[in-house]
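Laboratory data are not the source of any read-out in this text; all were calculated from the coordinates shown. Quantities reported herein were computed from a predicted structural model and do not represent experimental measurements. No Cβ is skipped: glycine too gets one built from the backbone with ideal geometry, and neighbour counts run over all protein chains shown.
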Ligand SMILES: [Zn+2]
């Protein structure tokens, strides 16, 4: 069975189950630790799931199907205006184990620990920014900028595919005026 691991540089590396526990070298020069087979399976499942909704949204953007509808998400009035919202969805990458080694380093040698912290963190929770343009009449744009996460998510959920994204990433953060 083959899996793919993502390097911190963004490349996908193909991995065979037999390589579990070894180290790969990415073309960028970084070493990527291959986790256990169980963890590889877990990651494969999770990443496949994540790719689902995000890819659907990117496809819809590409085809010009977003922003959806012609009504303001806040007022319900008809509008052509668009607010540039985006959702920062956290993706989990392999290498959480590095953290455990870092704590081990603390016990063993402060210098080793320093070395571990200086490594570019290849692993934990890199963000994926998903553009989520939303129909919002321009008179409400200042209100959007002042609004908290709860309100922003409520308005985003008026679009079914965004609702699905937020359901899959409960800890996602909505940003106003920043698109990838
Ligand atoms: Zn790389």
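Would you mind getting me the FRET efficiency between residue 33 and residue 171? Use the beta-carbon distance for r and R0 = 30 Å, nearest 0.05.
0.75
Please list 36-44, 146-154 highest first by mean number of surrounding beta-carbon atoms within 10 Å per residue.
36-44, 146-154
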